Amino acid sequence: MRQTSYALAERPDPSEAAGDHAVTRQAATAAGPVAIRLRNVEKSFGQNKVLRGIDLDVPAGQFIAIVGKSGCGKSTLLRLLVGLDEQSGGTIAFSDLSGVEAVPNARIVFQEPRLLPWATVLDNVLVGLGEGVDRDGARREALAALEEVQLSEKADQWPSRLSGGQRQRVALARSLVSKPGLLVLDEPLGALDALTRITMQQLVARVWRELGFTAVLVTHDVSEAVNLADRVIVLDEGRIALDVEVEAAHPRRHGSRACRA
């Protein structure tokens, strides 16, 4: 596997006491793709240890896919990366392109779109910008995000009028509208039919190439992982069992020999 080195300041283990280990400076917020470094990361739920000693480096702008059987810790790892959960041990650190410690602008896309049924497509995307933003500017940003996923003509529709693939594209636009430096995708295509899934794979690959964010995908589909990612990481019983670089150049054609599992 190709090794990439970059300067990165690590955050203290949250299980350690404050005081000598307290961070005394404010980390900058990364405006672009972020590099990720995990060192001896563990996560337990009660007596159940889900992640065990995870060491991982992800260069800024890389697309990695995480595969493994159910219960191996894939989704738990994603939740740690976006701050929905906190590790039980070890360190998770991020840096910007210059190597300076940074807090990433991170977003997550789940398997279910989780759209607000009482809001239009456009208003669902606006949720991704949060509160306190200029309404006219936010609307332009939301429409641009819908254009990225080829759904601008559906801006005034209700989610119930959309197909499953279209709803998932709205969820993707909601994540993209804030221009994330880190996008994590938790099996977002798993519930789609085969043809829609291929179309969505192509869309995700195109948006990643154009916007340049760091991407982490969890999937059960090894072919999908190879088709989309620069690296495929296999988790087994909470540990990294395999870390393989995909040599095929982007863009990739679905079904080509280089992208077959």
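The values are calculated or read from the model by the stated rules, or taken from the named source; none is laboratory data. This one's a predicted model, so the numbers in the text were calculated from it and none came from an experiment. Note that each Cβ is placed from the backbone with ideal geometry, even for glycine, and that neighbours are counted across all protein chains shown.
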Starting from residues that are over 23 Å from S98 (Cβ atoms) and among the small types (G, A, S), keep the ones in region 35-47 and report whichever is modelled with the lowest pLDDT.
G46
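If the requirement is being among the hydrophobic types (A, V, I, L, M, F, W, C) and surrounded by fewer than 20 Cβ atoms within 10 Å (Cβ to Cβ), which of these qualifies: L81, L116?
Working: L81 fails: surrounded by fewer than 20 Cβ atoms within 10 Å (Cβ to Cβ).
Of L81, L116, the one residue that is among the hydrophobic types (A, V, I, L, M, F, W, C) and surrounded by fewer than 20 Cβ atoms within 10 Å (Cβ to Cβ) is L116.
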Being free of Cβ contacts under 8 Å to residues at least 60 places away in the same chain, within 21 Å of the chain's Cα centre (by Cα) and within 23 Å of L211 (Cα to Cα) is true for just one of G128, G71. Which residue is that?
G128
Can you confirm whether region 95-111 contains a residue that is of a type in the set (A, V, I, L, M, F, W, C), over 17 Å from the mean Cα position of the chain (by Cα) and under 30 Å from R169 (Cα atoms)?
yes
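Going through region 115-127 one residue at a time, which ones are assigned to a loop (DSSP other than H, G, I, E, B) and aliphatic (A, V, I, L, M)? Talk me through it step by step, then tell me what you get.
Of the residues in region 115-127, the ones assigned to a loop (DSSP other than H, G, I, E, B) are 115-120.
Scanning region 115-127 gives L115, L116, A119.
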Answer from V204, V184 - the residue that is β-branched (V, I, T), under 17 Å from E112 (Cα atoms) and assigned to a strand (DSSP E or B)
V184
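In contact (Cβ under 8 Å) with a residue 24 or more places away in the chain, surrounded by 21 or more Cβ atoms within 10 Å (Cβ to Cβ), out of contact with any Phe, Trp or Tyr (no Cβ under 9 Å at 6 or more places or on another chain) and among the polar types (S, T, N, Q): does that describe Q168?
Values: in contact (Cβ under 8 Å) with a residue 24 or more places away in the chain: yes; surrounded by 21 or more Cβ atoms within 10 Å (Cβ to Cβ): yes; out of contact with any Phe, Trp or Tyr (no Cβ under 9 Å at 6 or more places or on another chain): yes; among the polar types (S, T, N, Q): yes.
For Q168, the condition - in contact (Cβ under 8 Å) with a residue 24 or more places away in the chain, surrounded by 21 or more Cβ atoms within 10 Å (Cβ to Cβ), out of contact with any Phe, Trp or Tyr (no Cβ under 9 Å at 6 or more places or on another chain) and among the polar types (S, T, N, Q) - is met.
Taking the options V234, V246, name whichever one is under 15 Å from A65 (Cα atoms) and touching a Gly at 6+ places or on another chain (Cβ under 7 Å). Spell out the reasoning first.
Numbers: V246 fails: touching a Gly at 6+ places or on another chain (Cβ under 7 Å).
Only one candidate passes the filter, namely V234.
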Name the residues in region 205-218 that are closer than 16 Å to A144 by Cα and either free of Cβ contacts under 8 Å to residues at least 24 places away in the same chain or surrounded by 17 or more Cβ atoms within 10 Å (Cβ to Cβ) (or both), would you?
V207, W208, L211
Here, strands (runs of 3 or more DSSP E) confined to region 44-114 with at least 3 residues that are closer than 20 Å to V226 by Cα, in contact with a strand residue (DSSP E or B) (Cβ under 8 Å, 6 or more places away or on another chain) and aliphatic (A, V, I, L, M) are 63-67
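Would you check which residues across region 232-252 are outside any strand (DSSP E or B) and of a type outside the set (A, V, I, L, M, F, W, C) and list them? Show your work before the answer.
At the first step, the residues of region 232-252 found to be outside any strand (DSSP E or B) are 237-238, 246-252.
Across region 232-252, the qualifying residues are E237, G238, E247, H250, P251, R252.
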Among the residues of region 48-60, which ones are farther than 20 Å from A102 by Cβ and either modelled with pLDDT under 90 or among the charged types (D, E, K, R) (or both)?
K49, R52, D55
Tell me whether region 219-230 contains one or more residues that are surrounded by 21 or more Cβ atoms within 10 Å (Cβ to Cβ), under 16 Å from the mean Cα position of the chain (by Cα) and in a loop (DSSP other than H, G, I, E, B).
yes
